[in-house]
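The values are calculated or read from the model by the stated rules, or taken from the named source; none is laboratory data. Computed from a predicted structure; not experimentally measured. When we count neighbours, we look across all protein chains shown, and the Cβ atoms used for this are built from the backbone with ideal geometry, even at glycine.
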Amino acid sequence: MSLARVHKGSLVESVIDQLRETVESGDWPVGERIPVEATLAERLGVSRNTVREAVRVLVHAGMLDTRQGAGTFVRAAVDPGDTLRRIDRAGLLERVEVRLTLEVEAARLAAVRRNADDLQAMRAALDERAAHRAAHPTTQADRLEDFIAIDVRFHAAVVDAAHNSALTDLYRYFAAATVETIRQTEIDQALPEPTQADHQALFDAIVARDADAAAAATRHLLAATIDVLSASPPIHANRDNP
């Protein structure tokens, strides 16, 4: 892909788009140093300040990496922000399946690596979840977000207990999609809601350091929901997803 001179409109946005497309097309592979600022400015027909701002945005997004004294290099083949937007547009079934993939491995690792602080965090969230459900047995709009926050806190504590920083960061990156899967199981009567007993079984397996049981308990938490969604994905898919 060859860079084209930028015309009217938002110059910075236009340059960002062209640089992003050049990386995603493979013309600039991961690890390659991109042309220097002056060269890019000449090819695009814009000022060096415009190029500098566009590069700064893509560095902040995690697509480029500027190394002092060495230049700017391609860090990722896709724009992480764009990836997140595509995740947001994915159907509910796809998001639940990705969530299951992440949480199964997290549970397995947590059973092996958890410490006393991890167990305390999980126990506190689990107890708060039970108390909230006892006080509000039916879904109430004004209480729903509180319950979701508690539920997410438990699952995040399990991921944290895996003590894998990359997995934790990936799960946090996926957090919005996780919240939406929980919200849908709460408000859609056709979707089975994981019970308190299901969550307790996961916690007990981690306490017992039983990695296989922890993984199985995590699968059980979401298996029924996946079965329902698999039977009728068009009904439950994100309406913005074509």
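Any residue at all in the range 59-71 that's at positive phi, surrounded by fewer than 16 Cβ atoms within 10 Å (Cβ to Cβ) and in contact with a helix residue (DSSP H, G or I) (Cβ under 6 Å, 6 or more places away or on another chain)? Don't jump to the end; show me each part of the working.
If we filter the range 59-71 for residues that are at positive phi, which is where we start, we get 62, 69, 71.
Now narrow it down to the ones that are surrounded by fewer than 16 Cβ atoms within 10 Å (Cβ to Cβ): 62, 69, 71.
Those left that are additionally in contact with a helix residue (DSSP H, G or I) (Cβ under 6 Å, 6 or more places away or on another chain): 62.
Yes, the range 59-71 contains a residue that is at positive phi, surrounded by fewer than 16 Cβ atoms within 10 Å (Cβ to Cβ) and in contact with a helix residue (DSSP H, G or I) (Cβ under 6 Å, 6 or more places away or on another chain).
Do we have ALA157 as assigned to a helix (DSSP H, G or I), under 22 Å from GLN120 (Cβ atoms) and at pLDDT 85 or above here? Before the answer, list the steps.
Details: assigned to a helix (DSSP H, G or I): yes; under 22 Å from GLN120 (Cβ atoms): yes; at pLDDT 85 or above: yes.
The answer is yes for ALA157.
Say we look at the range 16-54 and pick out the residues that are in contact with a strand residue (DSSP E or B) (Cβ under 6 Å, 6 or more places away or on another chain) and under 23 Å from TYR173 (Cα atoms); which of these is surrounded by the fewest Cβ atoms within 10 Å (Cβ to Cβ)? It would help to see each step written out before you state the result.
So in the range 16-54, the residues in contact with a strand residue (DSSP E or B) (Cβ under 6 Å, 6 or more places away or on another chain) come out as 23, 28, 30, 32-34.
If we keep only those that are under 23 Å from TYR173 (Cα atoms) too, we end up with 23, 30.
Details: VAL23: 24, VAL30: 14.
Across the range 16-54, the extreme among qualifying residues is VAL30.
Given the criterion under 30 Å from SER230 (Cβ atoms) and of a type in the set (D, E, K, R), identify the matching residue among GLU97, GLU42. Let's see the steps before the verdict.
On the way: GLU42 fails: under 30 Å from SER230 (Cβ atoms).
Every option except GLU97 fails the conditions.
Could you tell me which numbered condition LEU191 fails, if it satisfies all but one of (1) outside any loop (DSSP other than H, G, I, E, B); (2) surrounded by 16 or more Cβ atoms within 10 Å (Cβ to Cβ); (3) at pLDDT below 95?
(1) is the only condition that LEU191 fails.
From the list ALA130, ALA162, ALA156, ALA176, exactly one residue is free of Cβ contacts under 8 Å to residues at least 40 places away in the same chain and in the same structural domain as ALA224 (by TED's automatic domain parsing). Which is it? Break it down into steps so the answer makes sense when it comes.
Values: ALA130 fails: free of Cβ contacts under 8 Å to residues at least 40 places away in the same chain; ALA162 fails: free of Cβ contacts under 8 Å to residues at least 40 places away in the same chain; ALA176 fails: free of Cβ contacts under 8 Å to residues at least 40 places away in the same chain.
Result: ALA156 is the single residue among ALA130, ALA162, ALA156, ALA176 that is free of Cβ contacts under 8 Å to residues at least 40 places away in the same chain and in the same structural domain as ALA224 (by TED's automatic domain parsing).
For every residue, the table says whether it meets (1) more than 30 Å from GLN184 (Cβ to Cβ); (2) modelled with pLDDT of 90 or more; (3) touching an Asp or Glu at 6+ places or on another chain (Cβ under 7 Å).
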{"position": "ASN49", "(1), (2), (3)": "yes, yes, no"}
{"position": "GLU53", "(1), (2), (3)": "yes, yes, no"}
{"position": "VAL59", "(1), (2), (3)": "yes, yes, yes"}
{"position": "GLY62", "(1), (2), (3)": "no, no, no"}
{"position": "ASP79", "(1), (2), (3)": "no, no, no"}
{"position": "LEU84", "(1), (2), (3)": "no, no, no"}
{"position": "THR101", "(1), (2), (3)": "no, yes, no"}
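Would it be correct to say that ASP204 is farther than 15 Å from LEU102 by Cβ and surrounded by 19 or more Cβ atoms within 10 Å (Cβ to Cβ)? Working first, answer last.
Numbers: farther than 15 Å from LEU102 by Cβ: yes; surrounded by 19 or more Cβ atoms within 10 Å (Cβ to Cβ): no.
No, not satisfied.
I'm trying to understand the selection: among the residues of the range 207-227, which are surrounded by 18 or more Cβ atoms within 10 Å (Cβ to Cβ) and of a type outside the set (A, V, I, L, M)?
THR218, THR225
Got a sec? Which of LEU144, LEU92, LEU100, LEU170 is within 13 Å of the chain's Cα centre (by Cα) and farther than 17 Å from THR218 by Cα?
Of the residues listed, the single one that is within 13 Å of the chain's Cα centre (by Cα) and farther than 17 Å from THR218 by Cα is LEU170.
Could you count how many residues in the range 146-189 are of a type in the set (Asp, Glu) and farther than 24 Å from ARG86 by Cα? Break it down into steps so the answer makes sense when it comes.
Restricting attention to the range 146-189, the residues satisfying the condition of being of a type in the set (Asp, Glu) are 146, 151, 160, 169, 180, 186, 188.
Imposing the further condition that a residue be farther than 24 Å from ARG86 by Cα reduces the set to 146, 151, 160.
Qualifying residue count, the range 146-189: 3.
Looking only at the range 18-47, which residues are without any contact (Cβ under 8 Å) to a residue 12 or more places away in the chain and part of a helix (DSSP H, G or I)?
The answer is ALA38, THR39, ALA41, GLU42.
Can you go through ASP118, ASP151 and tell me which one is buried (at least 17 other Cβ atoms within 10 Å of the Cβ) and in contact with a Pro (Cβ under 9 Å, 6 or more places away or on another chain)?
Details: ASP118 fails: in contact with a Pro (Cβ under 9 Å, 6 or more places away or on another chain).
ASP151 is the lone residue from the list that is buried (at least 17 other Cβ atoms within 10 Å of the Cβ) and in contact with a Pro (Cβ under 9 Å, 6 or more places away or on another chain).
In this structure, is ARG75 modelled with pLDDT under 90 and out of contact with any Phe, Trp or Tyr (no Cβ under 7 Å at 6 or more places or on another chain)?
Working: modelled with pLDDT under 90: no; out of contact with any Phe, Trp or Tyr (no Cβ under 7 Å at 6 or more places or on another chain): yes.
Spelling it out, it is not the case that ARG75 is modelled with pLDDT under 90 and out of contact with any Phe, Trp or Tyr (no Cβ under 7 Å at 6 or more places or on another chain).
Of all residues in the range 94-115, which are surrounded by 16 or more Cβ atoms within 10 Å (Cβ to Cβ) and outside any helix (DSSP H, G or I)?
Matches in the range 94-115: ARG114 only.
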